[in-house]
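The values are calculated or read from the model by the stated rules, or taken from the named source; none is laboratory data. Everything numeric here is computed off the predicted structure, so don't read it as measured data. Quick reminder, even Gly has a Cβ in these numbers, built from the backbone with ideal geometry, and neighbours come from all protein chains shown. The accessibility values were calculated without ligands, DNA or RNA, using every heavy atom of the protein model including side chains. Shrake-Rupley method; radii C 1.70, N 1.55, O 1.52, S 1.80 Å.
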Amino acid sequence: MLIKSQKDFFSGLMFTVVGAAFAYGATSYSIGSGGRMGPGYFPLLLGVILAILGAVVMFKALVVETPNGDKIGKWAWKPLFFIISANVLFGILLGGLPSIGLPPMGLIAAIFGITLVASLAGEDFRLKEVLILSVVLSIGSYLAFVVLLKLQFPVWPTFITG
């Protein structure tokens, strides 16, 4: 069978594999029923829906003609590096790194860190816009997670709060 759109086929394959993996992982939890859902019900349902969506996208990639086959381009190494680095930095800043003696820096510093590093993945970098976005995301995250959901994690660095 001839693949008519490489981009759609491989993205559908990724969706199918990730969805099936989540659905399989959810079976280790209690599933329950629609009226009394267990902790595995929602991940199982989402995994199955994602796998079905991926299968539909793969089928479409095999059936529908696309101009010049929608070839997969080169790997975008710069954005890949900065996005992964931003997420790792977020985890380190939020929780600290006890192995090297780095204390938790808190939510605000973690939001600023992830926003600044992730913005380096784009074509152009505008510091003023990135700092405004960081402030807005920090305020929104603080309100959503600390004020509304009352989650308990450090908001400020320990050397500030004591």
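Quick notes on this structure:
- Of all lysines in the structure, those lying under 28 Å Cα to Cα from K4, and not within fewer than 8 positions of it along the same chain, are K60, K71, K74.
- Chymotrypsin sites (Phe, Trp or Tyr not before Pro), loop per DSSP, at most 16 other Cβ atoms within 10 Å - longest free stretch of the chain: 76-124
- Carbon + sulfur, % of accessible area of the chain - ligands and nucleic acids excluded, 1.4 Å: 75 percent
- Per-residue [θ]222 nm for the chain (sum of -39500 (n - 2.57) over DSSP H runs n ≥ 4, rounded to 500): -19500 deg cm²/dmol
- Sites V48 and K128 - FRET efficiency at Förster radius 41 Å, r taken between beta-carbons, to 0.05: 0.35
- Applying a DSSP loop filter and a limit of 15 other Cβ atoms within 10 Å to the trypsin sites (Lys or Arg not before Pro) in the range 1-64 leaves R36.
- When the charge dipole of the chain is built from unit charges on Cβ atoms (+1 for Lys and Arg, -1 for Asp and Glu) and taken about the Cα centre, the candidate among F9, I52, W77 whose Cα reaches farthest toward its positive end is I52.
- The chain, accessible area per residue, ligands and nucleic acids excluded (1.4 Å, Å²): 69 Å²
- Across the chain, the fraction of Cα-Cα pairs farther apart than 19 Å, rounded to a whole number, is 72%.
- Placing unit charges on the Cβ atoms only, positive for Lys and Arg and negative for Asp and Glu, gives the chain a dipole magnitude near 100 debye about its Cα centre.
- Taking each of K7/K128; K7/K78; K78/K128 in turn, the alpha-carbon distance tops 30 angstrom for K7/K128.
- In a reduced charge model with +1 at each Lys and Arg Cβ and -1 at each Asp and Glu Cβ, the range 1-92 shows a dipole moment near 140 debye about its Cα centre.
- Loop trypsin sites (Lys or Arg not before Pro), the range 89-159 (other Cβ atoms within 10 Å of the site Cβ: 16 or fewer; DSSP): R126, K150
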